[in-house]
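Only the coordinates and a few stated rules stand behind these numbers; no lab work does. Every value quoted in this text rests on a predicted model; they were computed, and no experiment measured them. Cβ: placed from backbone, ideal geometry, glycine included. Neighbour counts: every protein chain shown.
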Amino acid sequence: MKLGVSILNMDFGNLEASIKKIEKTRIDDFHMDIMDGHFVDNISYGPEMVKTVRRITGIPLITHLMIENPEKFVGRFFEAGSQAVLVHVETLNDANRSILEMDNMGISFNPDVPLEDVAPYLDKVNRVLVMSVYAGFGGQDFIEESLQKIAALKEIRKSKGLDFEISVDGGINAESASRCLKAGVDEIVVGSYITRADDPAERIDTLLGLC
């Protein structure tokens, strides 16, 4: 299992120290959650924050765009230092879906999006991020139906011979992570459970010990 950590709920006043503390552990990547106040009801940060984090750490950065018109910004986030960029299927249309032809692109989708809407893109990407909460805010509770979507994606991948990584993000703790692993997830993305813990390394060890 791979482990990603979202910086969304880190202490931005002490961002470098927060990142360096987690960097010493065994995580695989940092997730950068980009919110525009339109697609979601919150605003986070932009490419400059990605540049800042890129200067602080050499760990891969996975940038999750929760924004309208992602085609206008994908290139800027790659230029800022992202190793991969994920866009929401809800924001894709005939005019912009060609962005999935770029290297290292992935898709994400909210809990109310049926897999029928996701399926047309599965052969075009190398990452699929299942949102187990609604995009826009940290600290939400895990949505149980996400487990069924993880399992279904794993079956689609096998039956069609596709090659994408299945991730899950939202409300992840040791208990929900264990169930996601049983459903077939490849990576869990964790925010508050790690970044707001008194001992982040201990919680990371707990999660990795589930494998």
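Dividing the summed helix terms, -39500 (n - 2.57) for each DSSP H run of n ≥ 4, by the number of residues in the chain produces a 222 nm estimate of -9000 deg cm²/dmol to the nearest 500. Using a 10 angstrom Cβ neighbour count of at most 13 plus a DSSP loop assignment to flag exposed GluC sites (Glu not before Pro), which longest range of the chain is free of such sites? The reported range is 1-143. A crude spin-label estimate for the pair Asp141 and Asn93, with each label 7 Å from Cα along the Cβ direction, gives 3.6 nm. Note that the range 121-126 has calculated 3J(HN,Hα) couplings of 9, 5, 8, 10, 10, 10 Hz, one per residue in order, obtained from phi through the Karplus relation 6.51 cos²θ - 1.76 cosθ + 1.60 (θ = phi - 60°); glycine and proline are x.
Each of Met32, Met1 has some number of other Cβ atoms within 10 Å of its Cβ, and from fewest to most they run Met1, Met32. Candidates Met32, Val89, Ala135 compared by Cα position along the dipole of the chain: farthest toward the positive end lies Met32, with charges placed on Cβ. In a fully extended conformation the segment linking Asp117 and Lys24 would gain 29.6 nm over its present Cα-Cα distance, using 0.36 nm per residue.
With a threshold of 29 Å on the Cα-Cα distance, the over-threshold entries among Lys21/Lys124; Lys72/Lys158; Lys20/Lys160; Lys124/Lys182; Lys21/Lys72; Lys2/Lys51 are Lys21/Lys124; Lys72/Lys158; Lys20/Lys160; Lys21/Lys72. With each label modelled as a point 7 angstrom along the Cα→C-beta vector, the Asp205-Ser159 pair spans 4.3 nm.
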